[in-house]
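See below for the structure under consideration.
The values are calculated or read from the model by the stated rules, or taken from the named source; none is laboratory data. Computed from a prediction, not measured in an experiment: that's the story for all the values here. Ideal geometry is used to build each Cβ from the backbone, glycine not excepted, and the neighbour counts take in all protein chains shown.
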Amino acid sequence: MGEKKWYVLRTAGGKEKKAKEYLEKEILRGNLQNQVEQVLVPVEKKYVVKNGKRTAVEKLLFPGYVLIEAELSAELEYVIRNLVPGMSGFLTEKTDKAGERRAVPIRDDEARRILGQQDETAVSAVETEFDYKVGDSVKITDGPFTGFDGTVDEIVEDRSKIKVIVMIFGRKTLLELNFNQVTKE
């Protein structure tokens, strides 16, 4: 058995996860599990706040590509090139003197960087995206001030907070709320 290396596979845009599933099924069908360490679609997880609801969203780090750590044999290469729908071959290919295309693995430092980026997004605090800006009119939907209308005064992204000015008993009051406690009006 030789050493397993990382290869980048080209896929149809938006079909990365489906191509990964098909590839894993073909590897099982061809009994090639001993040649493949892992198949990976690098993603990062983000939270998006829209209309006061916070939802998790996965964003592809490299759209149109799937990574595979494998000891590449002629049989595995044939499966990747010909039997997996939505997969169009390897990212780096060289043509030898006989005119045959052959896959070239990515450098180890490049593979570590990509995997480190994947691990970093999995471990780090998940980033929140929001659709508020200073001056927007908002309605408070959660907490002791539910039902109050206000205006966005400040956005504190690193703490996922929003500062809203509301009228309480005829006076302007500054409230600090979470993104998911307000909705845009």
Residue in region 12-26 that is buried (at least 17 other Cβ atoms within 10 Å of the Cβ), among the aliphatic types (A, V, I, L, M) and modelled with pLDDT of 90 or more present: yes
Count of region 139-158 residues which are touching a residue at least 40 places away in the same chain (Cβ under 8 Å) and more than 24 Å from TYR47 (Cα to Cα): 0
Candidates THR146, THR121 - the one that is within 23 Å of the chain's Cα centre (by Cα) and either at pLDDT below 90 or not in a strand (DSSP E or B) (or both): THR121
Single residue of LEU23, LEU72 found to be among the hydrophobic types (A, V, I, L, M, F, W, C), part of a helix (DSSP H, G or I) and either over 15 Å from the mean Cα position of the chain (by Cα) or in the same structural domain as GLY147 (by TED's automatic domain parsing) (or both): LEU23
Hits in region 48-59 - residues which are crowded, with 17+ Cβ neighbours inside 10 Å and at negative phi: VAL49
Considering residues of region 26-45 that are under 20 Å from the mean Cα position of the chain (by Cα) and not acidic (Asp, Glu) only, the residue farthest from ARG10 (Cα to Cα): LYS45
Cross-chain or 6+ apart pairs with Cβ under 7 Å, region 159-185 first and outside the structural domain of THR55 (by TED's automatic domain parsing) and at pLDDT below 85, then assigned to a strand (DSSP E or B) and aromatic (Phe, Trp, Tyr): PHE179/PHE130
